[in-house]
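Undergrad: One structure is given below, represented as structure tokens, and several questions about it will come after.
The values are calculated or read from the model by the stated rules, or taken from the named source; none is laboratory data. On a predicted model such as this, the values are computed, not experimentally measured, just so you know. Neighbour counts are summed over all protein chains in view; Cβ atoms, including those assigned to glycine, are modelled from backbone coordinates with ideal geometry. Quick note on the areas: whole protein, heavy atoms, side chains included, nothing else; ligands and nucleic acids left out. Shrake-Rupley method; radii C 1.70, N 1.55, O 1.52, S 1.80 Å.
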Amino acid sequence: MAAGSRRAGCSQYKSQIPKLRVVSRCGCGCPTVDFAIGLGCKKGYSQIVADMEGTSPEGVRVGVIVHIRQDEISEMEIYSITGESKGFSLPKPTSLVPIGGW
Ligand SMILES: [Zn+2]
């Protein structure tokens, strides 16, 4: 484990992906979603494990950040790189390019 790294170990979280359920969505109109594996979404301090960018089906350039809370994947944040808060949806996974992590 690299001391001082802001990223958590990534590969240990990949096995959680098939178990994730979407439990809530951001209210502002963006496609950001909260996940849970067990009963509820984990709260509190978050660590970033993946930073990606891609293109939404509408052609908007978006960034995707995956947050870990209490050792579970808890949120996938999607934001427009050009600043819109609406008018885009989840990017195609195949369009995503890692900025780091994973
Ligand atoms: Zn939002």
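Undergrad: With the full set of protein chains in place, find how many percent of the accessible area of the chain is carbon and sulfur; take the probe as 1.4 Å.
TA: That fraction is 56 percent.
Undergrad: Once you charge only the Cβ atoms, +1 for Lys and Arg and -1 for Asp and Glu, what is the size of the charge dipole of the chain about its Cα centre, to the nearest 20 debye?
TA: Numbers: 12 positive and 9 negative charges, 44 e Å.
So the dipole magnitude of the chain works out to roughly 220 debye.
Undergrad: Kirkwood Rh and Cα-based Rg: tell me the resulting Rg over Rh for the chain, rounded to two decimals. List each step's numbers first, then the result.
TA: Details: Rg = 13.6 Å, Rh = 14.1 Å.
Using Cα coordinates only, the ratio equals 0.96.
Undergrad: Where in the stretch 69-100 is the amide nitrogen less than 19 Å from a point lying 7 Å along the Cα-to-Cβ axis of Gln47?
TA: 69-77, 99-100
Undergrad: For Gly87, what is the net charge nearby, where nearby means another residue's Cβ is under 14 Å from its Cβ and Lys, Arg count +1, Asp, Glu -1?
TA: Here the count lands on 0.
Undergrad: My understanding is that a pair violates if its Cα-Cα distance is over 22 Å; which of Lys14/Lys92; Lys19/Lys92; Lys19/Lys86 do that in this structure?
TA: From the list (Lys14/Lys92; Lys19/Lys92; Lys19/Lys86), the Cα-Cα distance tops 22 Å for Lys19/Lys86.
Undergrad: Looking at the chain only, what percent of DSSP beta bridges run antiparallel? Nearest 5 please.
TA: 95 percent
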